[in-house]
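Here is the structure we will look at, set down as structure tokens.
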Amino acid sequence: MSRRVADEVFGEWGGWILGVLIAVVLPLLLRAPARVNLLTEVMILGLFATAYNLVLGYGGLVSFGHAAFFGLGAYITAIFLVKFSLPLWAVFIVAPIVGGLVGAIFGFFAARAAHLFVGFLTLAFAQMIWAVFYSFPLIGGVDGIWSVPIGEAFYSPITFYYFTVGIAAVCFLLLHFIVRSPFGLVLQSIRDNRMRSEFVGLNYKRYRIAVFAISAFFSSIAGVLYCMLNRGAYPELLYWATTGNALLTTLLGGMYSFFGPLLGAGIMVVLGDFFIRKTMYWPLVMGIMVILLVLLLPGGIAEWVGKIWTYWTTASYKRLRRSNDVA
Amino acid sequence: MSWGVLLNQTFAGISEAAILFLLAGGFTLIFGTLHVLNFAHGSFYVLGSYTAYTVVALISRITGNFVIALVVAPIVIALFGALIEMTLFRYIYRREFLYQFLLTFGLVLVLGDLVRLIWGTTQYSMARPGFLSGRISILGQPVPVYILFSIGMAGLVGIVLWLVLIKSRFGKLVRAIQQDREMASCLAIHVPSICTGVFAISCWLAGLGGAIAVGSQTIMPGLEVEYSILSFIIVAVGGMGSLGGAAIGALVIGLTDSFGVLFLPRLTLFFIYVVLAVVLLTRPYGLLGRQIIE
């Protein structure tokens, strides 16, 4: 029950208000450009995690290969701008389409294999893509591609931040529309009871391919933005740790609500920035967080908020009942 | 391709398959009995490597220190695995698969940093003990003794494991739990302790694989996920839950890897993924696998 409430609170007005707040007001309060870049990172990670949650929370599949889509977006940006000197708008058209196609391939194998194997399968394929980009210096090799010319307009952190917010907002609107559409509802029904969905006549394989393709499409856009932020693409973006980051972000924020992952992104970027400066054992902290979340709070912070909200709104009802019982 | 190269690569492939069999055998045991995909399996393998290296380094004055390490390290890993099973895994058996996978992923992160905490990030390599180094001539080709040793160890362990599963009472209980866990517990079989035992055996196998691997490879942190992926691929190719499947899968992957080096040295993994894709498209449950009811 708290999950549905969490979804309602964070999926409807709560989420949008929060979003507008973060997007527009916060950067005006921060002075340091480094802090604004952190906010941009929150936006990008939030977009990536929300796209990831399409597969995880709404699709019910554990994908461990999303780094492939994210990294491909970044690499296509870098390769197009550095090696071929193509304009930026071309990147924004080609990268998501390529990402979506690769996502469809992943989805195809995910559809064929048993539900249990999707995690490992996507991981295996993503690692293969990582190995390709890691091994061939022509497409960057170990170091990746740097000094990507993104256009002078974007050198200012504030400008690039609002650009990111604009693109992310469009993507969030589209994703929200998809999730609330019949497609999204079918997705959730397949997640909840695959066999029953089949009895009703739904072809779960097609939906698996579709959800992977859509999720990959938006993950690639996030990758493009990330490459623009760092002006570089490197193999670590394709490594499983990047997917793990998205996974933890989604888990932390709440995988059963739409804006949960964005909330998780806000917390993760701040926490990550804090911890990376203090200790080199950030993966240890992340691992402990994952274990605690899985054992204690699988719905993430959004579920926790939902629980508090439910308690507050039913507390008066409980008091009423108690008084009736006593009488 | 000369006969010598062919023989060389075959032996290299089989010895690699030997270690991979130990790795994948544990993985498939856990999956068949506990129905859990242990993402952290590669971490136990890596821990086994490091533990074996440390044991060898600690008792370097004693002769036969490598043999002692081969005995001690897997047992340490097995006990550690049993501890983790009793504290963490017990809570997630009833939960959905999603949470199981996520928990094991958290474990991967924790164990990976544990390795870095204890042993740092330096790479270690160990010289082979005297009686296991050198080469023997087989069919006119010099074959490293260590390769034969690896193959022999894995074969011996495989046979013993198979005998235990088929002939012993413990094996019978394990097979009962594999077939129907609830029914087994209704028959007064103490399922939790047997599951802990199976998990411990699986970690023992992974630790042994890692310990044997120390003699032929450099060990460094950060490889645990690659080994977990490999064990998954082997089991997916050979058949989930089947020890024979693990053996076949290990052979296929080991030989593919060693012969792939001849054709595409930079991307040996590529051929492995091709094999995986082909098997998944034609037989989604592996070569020896049975249909899994979700």
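Please list, by residue number, every one of the trypsin sites (Lys or Arg not before Pro) in segment B:77-116 that is coil in DSSP and has at most 15 other beta-carbon atoms within 10 Å.
Within segment B:77-116, the qualifying trypsin sites (Lys or Arg not before Pro) (loop, at most 15 other Cβ atoms within 10 Å) are B:R94, B:R95.
What ³J(HN,Hα) values, in whole Hz, does the Karplus curve 6.51 cos²θ - 1.76 cosθ + 1.60 give for segment A:124-139 when θ = phi - 60°, with x put for Gly and Pro?
Each residue of segment A:124-139 in turn: 4, 5, 5, 5, 5, 4, 4, 4, 4, 6, 6, 8, 10, x, 4, 10 Hz.
Which value, in Å³ per residue, describes the convex hull spanned by the Cα atoms of segment B:1-54?
104
May I ask for the percentage of alpha-carbon pairs in the protein assembly as shown that lie more than 30 Å from each other?
Tail fraction, whole percent: 56.
Please list 3J(HN,Hα) in residue order for segment A:167-178, calculated via the Karplus relation 6.51 cos²θ - 1.76 cosθ + 1.60 where θ = phi - 60°; whole Hz, with x for glycine and proline.
5, 4, 4, 4, 4, 4, 4, 4, 4, 4, 4, 4
Could you give the alpha-carbon Rg of segment B:84-200 over 2.2 N^0.38 Å, rounded to two decimals?
Normalised by 2.2 N^0.38 Å, the Cα Rg of segment B:84-200 equals 1.55.
Could you work out how far helix B:224-238 tilts from the main Cα principal axis of chain B, as a 0 to 90 degree angle to the nearest 10?
That works out to roughly 80 degrees.
Out of all Cα-Cα pairs in segment A:130-194, roughly what percent, to the nearest whole number, are more than 16 Å apart?
Everything past 16 Å amounts to 70 percent.
Pairing the Cα long axis of helix B:191-214 with the longest principal axis of chain B, what angle in degrees results, from 0 to 90 and rounded to the nearest 10?
It works out to around 10 degrees.
Over all pairs of distinct alpha carbons, what does the Kirkwood formula give as the hydrodynamic radius of chain A, in Å? Write down the numbers at each step before the final one.
Values: mean 1/r = 0.0490 Å⁻¹.
Evaluated on chain A, it is 20.4 Å.
Rounded, prolate or oblate: which one fits segment B:1-133, using the alpha carbon gyration tensor with axes a ≥ b ≥ c (rounded when a/c is under 1.5, else prolate when a/b beats b/c, else oblate)?
Verdict is oblate for segment B:1-133.
Could you sort the peptides A:263-275, A:166-178 by per-residue average Cβ neighbour count (10 Å cutoff), highest mean leading?
Going by the mean number of other Cβ atoms within 10 Å, highest first, we get A:263-275, A:166-178.
What is the order of B:M126, A:M280, fewest Cβ neighbours within 10 Å to most?
On the way: B:M126 18, A:M280 12.
Fewest-to-most Cβ neighbours within 10 Å comes out as A:M280, B:M126.
Checking the a/c ratio against 1.5 first, then a/b against b/c, what shape does the Cα gyration tensor give for segment A:93-184?
Here segment A:93-184 falls in the oblate category.
Within 10 Å of each Cβ in peptide B:106-117, how many partner chain Cβ atoms are there on average? Round it to a whole number, please. List each step's numbers first, then the result.
Numbers: counts 14, 3, 5, 13, 9, 3, 4, 10, 4, 0, 4, 3.
If you average over the peptide's residues, the count of other-chain Cβ atoms is 6.
Return the Rg/Rh ratio of chain B with Cα-based radii and a Kirkwood Rh. Walk me through the numbers before you get to the answer.
Working: Rg = 19.0 Å, Rh = 19.6 Å.
Rounded to two decimals, Rg over Rh is 0.97.
Could you please tell me the mean projected area of the C-alpha convex hull for segment B:220-291, averaged over all directions and given in square nanometres to one decimal?
5.1
If you average the sequence gap of Cα pairs under 8 Å that are 6 or more apart and divide by the length of chain B, what percent do you get for the contact order?
Relative contact order of chain B: 38 percent.
Using a 10 Å cut-off around each Cβ, can you sort B:Y124, B:Y53, A:Y161 from fewest to most neighbouring Cβ atoms?
Fewest to most other Cβ atoms nearby, the residues stand as B:Y124, B:Y53, A:Y161.
If one computes the Cα centroid of segment A:49-77 and of segment B:57-132, what distance in Å separates the two points?
The distance from the Cα centre of segment A:49-77 to that of segment B:57-132 comes to 31 Å.
Describe numerically, in nm with one decimal, the distance between label points set 7 Å from Cα along Cα→Cβ at B:L187 and at A:L292.
4.3
Compute the Kirkwood hydrodynamic radius of segment A:180-327, taking the inverse of the mean of 1/r over all pairs of distinct Cα atoms, and give it in Å to one decimal. If you can, show how the numbers build up before the last one.
Details: mean 1/r = 0.0537 Å⁻¹.
For segment A:180-327, inverting the mean 1/r across all distinct Cα pairs yields 18.6 Å.
Karplus couplings for segment A:284-295 from phi (6.51 cos²θ - 1.76 cosθ + 1.60, θ = phi - 60°), rounded to Hz, Gly and Pro as x?
Along segment A:284-295, the couplings run 4, 4, 4, x, 5, 4, 4, 4, 4, 5, 5, 6 Hz.
Give, rounded to the nearest 20 debye, the magnitude of the charge dipole that segment A:198-287 has about its Cα centre when Lys and Arg contribute +1 at Cβ and Asp and Glu contribute -1 at Cβ.
80
Determine the calculated [θ] at 222 nm for chain A from helices alone, applying -39500 (n - 2.57) to every DSSP H run no shorter than 4 residues and normalising by the residue count; nearest 500 deg cm²/dmol.
That comes out to -24500 deg cm²/dmol.
Using Cα atoms only, what is the angle between the long axis of helix B:65-87 and the major principal axis of chain B, expressed in degrees (0 to 90) to the nearest 10?
Its long axis makes an angle of about 20 degrees.
Roughly what percent of Cα-Cα pairs across segment B:84-140 reach past 19 Å?
Of all Cα-Cα pairs in segment B:84-140, 59 percent lie more than 19 Å apart.
For segment B:159-292, what are Rg and Dmax over the alpha carbons, in angstrom?
Radius of gyration, then largest Cα-Cα span, for segment B:159-292: 17.2, 56 Å.
Which of B:V108, B:V279, B:V274, B:V160 has the fewest other C-beta atoms within 10 Å, and how do the rest follow up to the most?
On the way: B:V108 24, B:V279 21, B:V274 13, B:V160 10.
Ascending number of Cβ neighbours within 10 Å: B:V160, B:V274, B:V279, B:V108.
Considering Cα pairs under 8 angstrom that are at least six residues apart, work out the relative contact order of chain A and quote it in whole percent. Please list the in-between numbers first.
On the way: 502 pairs, mean separation 116.3, N = 327.
Value for chain A: 36 percent.
Bear in mind these aren't lab numbers, they're just calculated from the coordinates by the rules spelled out. A quick note: this is a predicted structure, and the numbers were derived from the prediction, not measured. A quick note on method: Cβ atoms are made from the backbone with ideal geometry, for glycine too, and the neighbour counts reach across all protein chains shown.
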